[in-house]
1. Does any residue in the stretch 107-135 that is assigned to a loop (DSSP other than H, G, I, E, B) and among the basic types (Lys, Arg) come within less than 6 Å, Cβ to Cβ, of a residue that is modelled with pLDDT of 95 or more and surrounded by fewer than 21 Cβ atoms within 10 Å (Cβ to Cβ) six or more places away or on a different chain, and which pairs are these?
2. If we scan the stretch 135-143, do we find a residue that is open to solvent by less than 50 Å² (accessible area, probe 1.4 Å) and under 27 Å from Ala71 (Cβ atoms)?
3. Does Arg46 satisfy the criteria of being in a loop (DSSP other than H, G, I, E, B) and not aliphatic (A, V, I, L, M)?
4. Check off (1) surrounded by fewer than 20 Cβ atoms within 10 Å (Cβ to Cβ); (2) part of a strand (DSSP E or B) for Gly165 and give me the number that stays unchecked.
5. Of the residues Gly61, Gly40, only one is on the phi > 0 side of the Ramachandran plot, in a loop (DSSP other than H, G, I, E, B) and under 13 Å from the mean Cα position of the chain (by Cα); which?
6. For the subset of the stretch 85-106 comprising residues that are in contact (Cβ under 8 Å) with a residue 60 or more places away in the chain and of a type in the set (D, E, K, R), which member is surrounded by the fewest Cβ atoms within 10 Å (Cβ to Cβ)?
7. On the given criteria, is Asp109 at pLDDT 95 or above, farther than 24 Å from Trp219 by Cβ and open to solvent by 20 Å² or more (accessible area, probe 1.4 Å)?
Amino acid sequence: MNDPTTIRRLYGRRQGHALRAGQAALVEELLPRVSVPTDGDLSAARLFGDDRPMQVEIGFGAGEHLAAQAAAAPDTGFVGCEPFLNGVVGALGHIRDGALENVRLHMGDALEVVERLPDASLERVYLLHPDPWPKARHAKRRMMNHGPLDLIARKLKPGAEFRLGTDDPTYCRWSMMVMDQRRDFTWLADGPQDFLTRPADWPETRYERKARRQGHEVWYFRYRRI
């Protein structure tokens, strides 16, 4: 098995623009109540108080996809991981506005959380528009590498789903190459329309809308854990 710690270092900014007073209050008051515990195993019972199904979103951006999925499945526990503070603030706003009780957040490295979840405990993992790291010398920084995928595969239940979205052609080709080498996932696509059309239960994100405004194609990949 490849070591998922090969991408442990987080690159890039952790915070963008300064927070407004209301945003700072969300971080101070709401974030501690919905944060993933910093140590120990992370069972559904510990995170949500009961033995419910769980899903994880790696890098949730501003949190609109995470919040929409959580609102659509209130009996499922959602864990969102995002290293960017302004993205976390966006998710906190969605949690507050939607009165979502089934979301937990981690501001930092997603793999630190995923590896603490029980094996075969997840029904779905989302990786939507990850940083493509387009230069060849940075390829090892991509989340779509065998180390992180080994870990994700171990945490998914048999028959569970891994979803990837990207508008970057290089990342698209790279991801297809990597996934084609694996025997623990099967691609849920029979033809081009299956990965060129956003599924009905895949809420659109602002990043995706921006990509389309810029004339980018967007690809939607769904894989089942064998």
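The values are calculated or read from the model by the stated rules, or taken from the named source; none is laboratory data. Keep in mind that this is a model prediction, so the values were computed, not measured. Positions of Cβ are generated from backbone atoms using ideal geometry, with glycine treated the same way; all protein chains shown enter the neighbour counts. Each accessible area value is taken on the protein alone, full model and side chains, heavy atoms only, with ligands, DNA and RNA left out. Shrake-Rupley method; radii C 1.70, N 1.55, O 1.52, S 1.80 Å.
1. Within 6 Å, the pairs are Arg116/Asp41.
2. For the stretch 135-143, residues open to solvent by less than 50 Å² (accessible area, probe 1.4 Å) and under 27 Å from Ala71 (Cβ atoms): present.
3. no
4. That leaves (1) as the condition not met.
5. Result of the check over Gly61, Gly40: Gly61.
6. Arg96
7. No, not satisfied.
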